[in-house]
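Below: one structure, written as structure tokens.
Derivation of every value follows stated rules applied to the coordinates shown; laboratory data play no part. A quick note: this is a predicted structure, and the numbers were derived from the prediction, not measured. Glycine also receives a Cβ, built like all others from the backbone with ideal geometry; neighbour counts cover every protein chain displayed.
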Amino acid sequence: MTLWFEDNFEGEFSNLKPSTNTNWSYNVNGYNINIQNSTWETITVVGGGPCNVTVYDSDLAGLSANVALSTLHLKAVNSVIHSPALHALRGVSATFTGLKTGFFTDWKLSEHATGGPLPDITLVDTEIRAGWSLSAFDETHFTIDDSNILRLRMSANPGSIRTSNSTVEELMFFLTTNSTMSFQNVTIRNVRVFVPPIESTITGDITFTNDAELTNWDTGSTITRNYPVVVSDESGNPIPWADLDLYTKNGTLIWSGRTDGTGKADFDVEFNDDNYEDLMELVLEYNGQSISQKVGLLSSTPVALEIAGTADAATWVTINGTIEYDGTPLCAMVLANGQHLFTCGNNPGVWDLYVPLDQNGKITLFGFCSGLAPFKATLTPGQAQNFDIAMTLSPPDSQEMEVTVQTEAGTINPNYVRISGTVAYDGTPLCTMVLANGKSMFTCGNNLGTFDLEVPLDGNGEITLFVFCSGLAPYKEVFIP
């Protein structure tokens, strides 16, 4: 049985428990509810609009807030709730932490969540048995940490859910497109791909349980998974520049790549109606050794490959120098073999980096500064000691990048703004460095030409966005979100 409340309903209930009821009634505030000779196998209390509902001494399958309203108040006292839920929330950016199972003497959602608007849920001397259920609908962005989730449902177009340090009993995709599910240290048991159209992406570090199942796949669905890979020797040393190949179950090569200086790589697989049950084969070739591992939709990540014996780790070296224009030290970005810093603050124009050598024993050094032409040089470790980067003006006819930007409320910090967009030249996505109010990322690899950052506003409430790409004029835009 489901009891649904909205329209500013106010009421209290007690002894809502699975049973056979000869006579149950609620006759308050103009409501006339009478139930006779009925069996309730499960009972769910749902707030579907503004309401104020309290349940006492009850055993509920669910206590669910089905709309993002601060005027929706649900309270359970001396009760058991199998799965409290935040369901069908739309247009919400929120962060949740500590949505756990267990017994709670005095628990408030407001003390475990930021962002919103969000409903008001209070638990007093109440047990949560199975875990929470959360559903993200259109234009919704959730961040979840340290939680026990019974069902995590993505139904947004667009939308995103970032989950860390948590367990998820069931991961569901339902009528969702242009959505992303990101994980860090999360254990998942079951996945349902249910009711197309579905076009969604899964990224991050996931442990699927030994009994994990794909319990449903509806025709017309597409799930893209990003697989991080870590290659090491028996002692745990990373293996740099190792060759990797990915083959379909029929032996067709669909991806080739290499580990970087830290022994890491990643690749994407698009699963559809034709291959969602397939196991592919990832093959590592290194110093005469060949190692393979099966990879499928429900494979844990990162994919860890280990070679026999002990191999030499990547050689890291310290490099340093200055960056200036016409003799004047610059506040700039210096980038070398994946490591970077900003030459600003108390010691402008001075840089010092610890970097891995590439497979050829070289260092590719970049310098970026607004209004000046990007700098690039490939150096030996010796050449990169006390190296002076002399920046030059961008030519008047420098080719310009095409940058698109969107903004919305931040989810990591309520005082931050989320900026996302694309970078291209003549319609081609670019590998670039994006910098905004001290936060940065690269638009390379699997997110070629796309960026997504959460940044603080400056003292004027503005964001200063820079984009740097070798061979093209730097991009700068100052705007108020």
Worksheet item: Just how many % of Cα pairs in region 402-479 lie over 15 Å apart, if you round to the nearest whole percent?
Response: 52
Worksheet item: Which residue, chosen from Val195, Trp241, Leu279, occupies the Cα position most advanced towards the positive end of the dipole of the chain, where the dipole is computed from +1 (Lys, Arg) and -1 (Asp, Glu) charges on Cβ about the Cα centre?
Response: Val195
Fill in: Taking the C-alpha atoms of region 326-469, convex hull volume expressed per residue in Å³
151
Discussion item. Tell me the net charge near Ile121. Cut-off is 14 Å between Cβ atoms, Ile121 excluded, with +1 for each Lys or Arg and -1 for each Asp or Glu.
Written reply: 0
Worksheet item: Taking the alpha-carbon centroid of each part, what is the distance from region 416-481 to region 320-366 in angstrom?
Response: 20
Fill in: Label point 7 Å beyond Cα of Tyr247 along Cβ direction - residues of region 272-287 with amide nitrogen under 14 Å
279-285
Worksheet item: By residue number, which cysteines of the chain lack any other Cys whose Cβ falls under 4.7 Å from their Cβ?
Response: Cys51, Cys369, Cys469
Discussion item. Once you compute Rg and the Kirkwood Rh from C-alpha atoms, what is the Rg to Rh ratio for region 316-393?
Written reply: 0.95
Worksheet item: Cα centroids of region 185-247 and region 263-288: how far apart, whole angstrom?
Response: 10
Practice prompt. Counting only DSSP beta bridges with both residues in the chain, tell me the antiparallel percent, nearest 5.
Written response: 50
Worksheet entry | Table column - 3J(HN,Hα) (Hz), region 333-339, Karplus curve with 6.51, -1.76, 1.60, x for Gly and Pro | 9, 10, 10, 8, 6, x, 9
Practice prompt. Using θ = phi - 60° and the Karplus relation 6.51 cos²θ - 1.76 cosθ + 1.60, list the HN-Hα couplings for region 217-227 in order, rounded to whole Hz, with x at every Gly or Pro.
Written response: 9, 8, 4, x, 9, 9, 10, 9, 10, 9, 10
Response to the item:
Kirkwood-based Rg/Rh on the Cα set of region 41-193 evaluates to 0.94
Worksheet item: Tell me, what ³J(HN,Hα) does each residue in region 420-436 have, in order and in whole Hz, if you take phi through Karplus 6.51 cos²θ - 1.76 cosθ + 1.60 with θ = phi - 60° and put x for Gly and Pro?
Response: 9, x, 10, 10, 8, 10, 6, x, 9, x, 10, 8, 9, 9, 10, 10, 9
Discussion item. Give the lysines whose C-alpha is closer than 21 Å to that of Lys108, dropping any in the same chain fewer than 8 places away, or say none.
Written reply: Lys75, Lys100
Worksheet item: Out of these labelled values of log10 I(q)/I(0) by the Debye sum over Cα atoms at q = 0.07 Å⁻¹, (1) -0.49; (2) -0.62; (3) -0.82, which was calculated from the coordinates shown here?
Response: (1)
Worksheet item: Extension gain Met441-Ala308, at 0.36 nm per residue separation less the Cα-Cα distance, in nm?
Response: 44.4 nm
Fill in: Under 5 Å, built H, 5+ apart or other chain: amide partners of Thr163
Ile144, Ser182, Phe183, Gln184
Item to complete: Distance from a point 7 Å along Cα→Cβ of Phe342 to each backbone N in region 433-456: keep the residues under 19 Å and list them by number.
Response: 433-443, 451-456
Fill in: Dipole-positive endmost among Met154, Thr215, Leu123 within region 2-217 (Cβ charges, Cα centre)
Thr215
